[in-house]
Amino acid sequence: MKTVHSILAAFVLITIAMVLFNAIMSLKREEKFKAGDRKLALIALILTHTQFIIGLIAYYVSDWYKAMKAVGMGNAMKNAELRLMSVEHPLMMIVAIALVTVGWSRHKKLTEDAAKFKSFAIFYGIAFVVILSRIPWAQWI
């Protein structure tokens, strides 16, 4: 499960980065919003939600979750590695997924092409930064 979660994480990062790059470049070029732009953002949305489900399963069967339950939340918060893996990473990934979802939902209500690209640039961009900030790099690489 951890391997699947790690591999899918790479695809999530790549697709969110592609959406972000596409949105910024399309804004600069003042391009029309096309079906391909929508599909790319939808793929990122689907991958992030799939990653969330796999992450939930991986979390509840992980040693990190068991360790947090064993020592208690107070002690878990005093241990930087345990805090990252059992609290910060899951919480911030939920925040990132919510941002991607809001960006996707918001773009559907907008009528102007530039506004749609801005929605993706802002929400997917913040989600990208949040994800990068809480990836357990030492364990992933």
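The values are calculated or read from the model by the stated rules, or taken from the named source; none is laboratory data. Source: prediction; values computed, not measured. Positions of Cβ are generated from backbone atoms using ideal geometry, with glycine treated the same way; all protein chains shown enter the neighbour counts.
So, S119, is that one among the small types (G, A, S), part of a helix (DSSP H, G or I) and touching a Leu at 6+ places or on another chain (Cβ under 8 Å) or not?
yes
Restricting attention to region 12-21, report how many residues are in contact with a helix residue (DSSP H, G or I) (Cβ under 6 Å, 6 or more places away or on another chain) and over 12 Å from L40 (Cα atoms).
0
Among the residues of region 26-60, write down those that are surrounded by fewer than 14 Cβ atoms within 10 Å (Cβ to Cβ) and over 21 Å from the mean Cα position of the chain (by Cα).
Matches in region 26-60: K28, R29, E30, K32, K34, A35.
In region 23-37, what residues are part of a helix (DSSP H, G or I) and without any contact (Cβ under 8 Å) to a residue 24 or more places away in the chain?
Across region 23-37, the qualifying residues are M25, K28, R29, A35, G36.
What residue, of I46, I135, I141, I126, is modelled with pLDDT of 95 or more and under 19 Å from L8 (Cα atoms)?
I46
Can I131 be described as of a type in the set (A, V, I, L, M), outside any helix (DSSP H, G or I) and either in contact with an Asp or Glu (Cβ under 7 Å, 6 or more places away or on another chain) or closer than 14 Å to Q51 by Cβ (or both)?
Criteria not met by I131.
Please go through region 44-92 and pick out each residue that is touching a residue at least 40 places away in the same chain (Cβ under 8 Å) and not in a helix (DSSP H, G or I).
Answer for region 44-92, where residues must be touching a residue at least 40 places away in the same chain (Cβ under 8 Å) and not in a helix (DSSP H, G or I): V61, S62.
Condition first: surrounded by fewer than 16 Cβ atoms within 10 Å (Cβ to Cβ) and within 20 Å of L47 (Cβ to Cβ). Now tell me which residues in region 102-136 satisfy that.
Listed by number, the residues that qualify are S105, K108, V129, L132, S133, P136.
Is there a residue in region 44-58 that is under 21 Å from W137 (Cβ atoms), out of contact with any strand residue (DSSP E or B) (no Cβ under 7 Å at 6 or more places or on another chain) and of a type in the set (F, W, Y)?
yes
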